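Notes for the one structure printed next.
Nothing in this text is a laboratory measurement; each read-out follows from the coordinates by a stated rule. These figures come from a predicted structure and were not determined experimentally. Quick reminder, even Gly has a Cβ in these numbers, built from the backbone with ideal geometry, and neighbours come from all protein chains shown.
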Amino acid sequence: MSLSDIWDVLVLGVVLGSLYAVIAIGYTLVYGVLQLLNFAHSEVFMAGGFGGVIALTIFEPATDPSGLQSALYVLLGILGGALLGGLVAFGLEKGAYRPLRRRHASRLIFLITAIGASFFLYNLAGKMFGRYPMPMPTMYENKQVFEVFGTSVNVTQLLIVVAAVLMLLTVDFVVNRTKMGSGIRAVAQDPEVASLMGVDIDKVVSRTFVLGGVMGGVAGFLFGTNLQVEYTMGFLPGITAFAAAVLGGIGNVRGAMLGGLTLGVVEAFTVEWFGDAWRYAGAFAVLVLVLMFRPTGILGERVGRTA
Amino acid sequence: MTAGVTAPKVPSAAKLRKRSWYQQPRWHRLFALVVTALVLAQVTGAQGTRGDLFAALEENFSGGAVWGWLGLAVAIWLVREFAHELLGRYTSRVKEEAGRPAERPGDLTPSGGFSPAAAPVWLPALLARTVRFVTDVVRGQRLYRWGSMAALLGLLIVLPLMVSTFWQQVMVDQIGMFVLVAIGLNVVVGWAGMLDLGFIAFFAIGAYSSAFWTGGLPVEPPVELNNFLVIPIAVLTCLVAGVLLGAPTLRLRGDYLAIVTLGFHEIVYLTAKNWTEFTGGSRGAPQLDRFSVDLGFWSYEWELDPRPYYWLQLAFVVVVLLLFVRLEHSRVGRAWTAIREDEVAAAATGVDTVRFKLLAFAIGASTSGIAGVIYASKLGFINPEMFVLLLSVLALSYVVFGGMGSIPGVLIGTAVLVWLPEYLRDTVDPQDRYMYLGGLLVVMMIYRPQGLLPSRRRQRELRMAEEGSGSADALGARPGGAQA
Amino acid sequence: MTTEMLDEAAKARALSDDVLDASGVTLRFGGLTSLDGVALRMVRGEILAVIGPNGAGKTSLFNSLTGSYVPQEGQITFRPRAGGEHELRGRKPHKTSRLGVARTFQNIRLFGALTVLENVKVAVETRQRTDAISIMLGLPNARRDERESDRKAHEVLSFVGLGHRLNELASALSYGEQRRLEIARALATTPEVLLLDEPAAGTNPTEKRDLEVLIRRINQELAVSVLLIEHDMRLVMSVADRVVVLNFGRKIAEGTPGAVQQDPAVIEAYLGASAEDERALVAEVVAEREEHGAEERPDGPPGAAGAAADDEEGRA
């Protein structure tokens, strides 16, 4: 394959990978504070997609938006996604996980709860908004922005990558530099000590869910912009992002970013070389291989103490 | 239990702040109930329509139903907040009365005699005590164990004669199949304490083995075999697959193992779907042999009628169960429990942890393989969509729902959870079935995490975990920061 | 049976050969050196105590001997009665146990959801070979093994004085009983060397006296060599034949209890060096965390142990 083909695939991979990275953050943050595989995070992602659609449907974008209008619409969609994503994540924690934490349930119980919540949520969304794929209302003209080595990059792709990078920087900053972040890190390292030191664990956990939910929600909106929004849209990207979080070292924020990007690129090349049918096989093959040699992921598992 | 004078807990530093009215727990509870009511209004309401995003929302939140739900929520809240004390006093009196032991029938007389005024207290208590007394007497009988088993088996044998063809099909295609799968998965998850999210992969391998050896795939097998002969081969294939998957991954901790098994499933599924020359691709194997026996003097063929399949399946389940019950109460079962409880101590005691985990993987996988063979031959066709990832996830929830580690629990749990969506098919909008299933799982895990019929060992583990000693599974530390 | 065993014990003593011979054992965690060239010679049939201040590396030594840790350097040779020599360094824990080196844990680690009898049966059964298929089919050899395991477990439990609590849950026992159950579980593997990690910790004076008797009986009646970590000096002085003193991962003294008590280096170790206490404490805490975190092997492949160990450190 020629160099420009490689660039084509690479661009697709990076776009996909940055979405995975953002979703994976949600898994990793929650894992960090609760050691819980939040299987239902994929539904948070899905909710974000619907959040975007809802926000944009309410405000009905003009058919031929100006540049400023376009920017506003995008912002609106992002807000909608973030809001609904954060809300669902918050509700999930309050309604399903907190009662379990109160009674010191085992991890398997958490996992099954998460699975149940996932079933419930995506079917509920299907019932609410119809079980059909729906496109994101048009916010801008999706034209080519620039070329890298003969590969064109369009607005959506640029938007996804820029938004993802901004979010990743924000999360990294929040976790490592703010008071909220130090609470998250404290709980991740030793909840008991943290609570003795006066950290309100419930609050930290809640905020962690919301932070992860906002990320997932925006990712859902971006994903919907690129493709479509549907009630079942969460499952596969969710699983892949989950794999990405594990690949990078679950509980490790930068690991999740790295893992997401890696799996996105791997997926793009798998599709290119083996066909779309094998899309998810490559990612899992890479995951299994990496875990065989580094059983705790590329960067190892820890929150806060990023490599 | 006087609700008024609960001793205040020592407040943590963070909680010393003064609370406003809306931070009071009772308003929290009202809020939670209202939200639940709104969700329920949507859950039981109308379906969304294509093209109009808000159609369902508008319909569900404008009609009378939503007010009904809200009214119910408020009513529950009022009872909870204001009649709570009264209710608590009443239930504690009933509980106290019901707790009195009864050795002879004469002991059943209520403590205060049969006074009509106190009837609300002693009547329910008397009922509970009588039931307990009778079951104790019955259970005391030597015959009870075998008698009840035989009765249950008898019932299971005649059950398909009493239900419609539709339910016969469900019993065979779904319940029977998943019961076998769940029994296998229980070995891995319930006994050995490993998290397997890709168990249906072995089921698929069993089904495809069956298709291959009976000549149903595009590739010709070396010899075409009868389905009964395929079973040992499928068991062996799954065993090897189990060991191949297990050997490199068993040193991974719980969560990592989960994602790797999930990946394994996905790879098996994609292979079935895409390796068209061997597996027939997404078309699968459209025409498969059914079970048949030909002993020369007697021959029989299982055909379209689901009942003979049911009995065949039942026979397999009974045999597998008899074998596994022995295993559970043997050195192998004890070693699994030891590994699940404390892997380090088990290894220090000389338990070869890797070998026993592999054994669990292999045994579980081979059970699933048997189910695969029966499944393929019963339906007469297979395709990759019958083995999607969702089923692996569901299988795990069947095991936990029933009470992992407990064979009766796993049987009942699987039967209930497989039966429910089929039952709901006629009761609610069929599209919503899995929403109810999901909701049920969440509610169940919150209020009865040990499952429907938990095993005694498992119950102890959960109790110890709640008291804060030991973790309830081999998956490492507990979530939520409680220290093991 | 007892006299026969006594004879054997006497013979073993008479031979006075080494059952365990460790030299140059060095164990590091990241920058911390937990054991620094420790040498340890254990004569067959003796009761050897290892003492030292907190963080001296006693538990690390135990973990190195039983395969929970793999020291970076050194040799650990085990010579069973049957003859031959086995290198223990880097041997997996269950294999070490099978050779005849059993241990207990400082923080009792029983299988809480199993009964007392079942706890011990697990240990007995690690010596059995019946396969899963014979068990499932209920073949005669499986039944024979089951009976044998029951018999042996009963025997061991009555030896330690738990014969009356067979069907209790392990977690329902009192602290002292749990200690004895842990010892019973170790004895059920018919060890030649028994490593006891602070068996008297948390027990009351009566239980301590019982324990003292039990250790002596294990040593004499069962002819088991006992390696004992203990903080309770009275217990050490009364049961130990010899004492080894560790401090900061080094052996600083060795000899009879009386001699060691007089050793200036030992007195110094216990009284002085408070400035370095803190560092030692950190090392001990890290080591303990390691122990909690399953069989982590410090020098294993870079993945498994390394990263997990880091993680444990992170949570410390």
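Each Lys and Arg contributes +1 and each Asp and Glu -1, all at the Cβ; summed about the Cα centre of chain B, the dipole is approximately 2240 debye.
By the scheme Lys and Arg +1, Asp and Glu -1, what is the net charge of all other residues having a beta-carbon under 15 Å from that of residue B:48? Computed value for this residue: -3. Counted by Cβ distance under 13 Å from residue B:289, the other residues give a net charge of -2, where Lys and Arg count +1 and Asp and Glu count -1. Only helices enter this figure: runs of n ≥ 4 DSSP H residues, each worth -39500 (n - 2.57), summed and divided by the residues of chain B, yield -21000 deg cm²/dmol at 222 nm to the nearest 500. Backbone geometry of region B:226-241 corresponds, through the Karplus equation with coefficients 6.51, -1.76 and 1.60 at θ = phi - 60°, to 3J(HN,Hα) couplings of 6, 4, 5, 6, 5, 3, x, 5, 5, 4, 5, 4, 5, 4, 5, 4 Hz, x marking Gly and Pro. Remark: B:256, B:309, B:144, A:20 ranked as B:144, B:256, B:309, A:20, counting other beta-carbon atoms within 10 Å and listing the fewest first. When peptides B:127-137, B:392-402, A:103-113 are sorted by average Cβ neighbour count within 10 Å, with the highest value leading, the order is B:392-402, A:103-113, B:127-137. Counts of other chain beta carbons within 10 angstrom of each beta carbon in peptide A:283-296 average 6.
Between region A:125-168 and region A:72-97, what is the separation of their alpha carbon centroids in Å? Rounded to whole Å, the Cα centres lie 18 Å apart. Residues A:161, C:101 in ascending order of nearby Cβ atoms (within 10 Å, fewest first): A:161, C:101. Result for chain A in a Gaussian network model with C-alpha springs under 10 Å: among A:220, A:198, A:251, the largest mean-square fluctuation is at A:198. Whole angstrom only: what separates the Cα centroid of region A:98-119 from the Cα centroid of region B:266-296? So the two Cα centres are separated by 37 Å.
Under 5 Å from the amide H of residue C:52 lie the amide H atoms of C:246, each residue being 5 or more positions distant or on a separate chain, with H modelled from the backbone and absent for Pro and chain starts. Charges were assigned to the Cβ only: +1 to each Lys and Arg, -1 to each Asp and Glu. The resulting dipole of chain A about its Cα centre is roughly 1220 debye. Across the options A:165, A:126, C:117, the greatest Cα extent toward the positive end of the charge dipole of the protein assembly as shown (unit charges at beta carbon of Lys, Arg, Asp, Glu) belongs to C:117.
Between the residues B:375, A:156, B:421, the greatest Cα displacement towards the positive end of the dipole of the protein assembly as shown, with unit charges on the Cβ of Lys, Arg, Asp and Glu, is found for B:421. In terms of other Cβ atoms within 10 Å, A:276, B:432, C:263 run from fewest to most in the order A:276, C:263, B:432. The mean number of partner chain beta-carbon atoms within 10 angstrom of a residue's beta-carbon across peptide B:265-278 is 3. With K and R counted +1 and D and E -1, the other residues having a Cβ less than 13 Å from that of residue A:10 yield a net charge of -4. Checked against a 30 Å cut-off, the cross-linked pairs C:95/C:251; A:94/B:273; B:357/C:152; A:127/A:203; C:152/C:251; C:152/C:208 give Cα-Cα distances beyond that limit for A:94/B:273; A:127/A:203; C:152/C:251.
For residue C:34, nonlocal amide neighbours, meaning residues 5 or more places apart or on other chains whose placed amide H falls under 5 Å from its own, are C:27, C:28, C:29. Structure remark: mean-square fluctuation, Gaussian network model of chain A, C-alpha springs under 10 Å; the largest value among A:158, A:211, A:83 belongs to A:158.
Each residue of region B:122-139 is assigned a 3J(HN,Hα), and the resulting list reads 7, 5, x, 5, 4, 4, 4, 5, 5, 4, 5, 4, 5, 4, 4, 4, 4, 5 Hz, derived from the Karplus form 6.51 cos²θ - 1.76 cosθ + 1.60 (θ = phi - 60°), x at Gly and Pro. The amide H of residue A:229, built 1.01 Å from its N in the peptide plane, has A:134, A:136 as neighbours under 5 Å, considering only residues 5 or more places off or on other chains.
If only the Cβ of Lys and Arg carry +1 and only the Cβ of Asp and Glu carry -1, the dipole of the protein assembly as shown around its Cα centre is close to 2680 debye. For region B:41-46, putting each phi into the Karplus relation 6.51 cos²θ - 1.76 cosθ + 1.60 with θ = phi - 60° gives couplings of 4, 6, 4, 8, x, 7 Hz, in residue order, rounded to whole numbers and with x for Gly and Pro.
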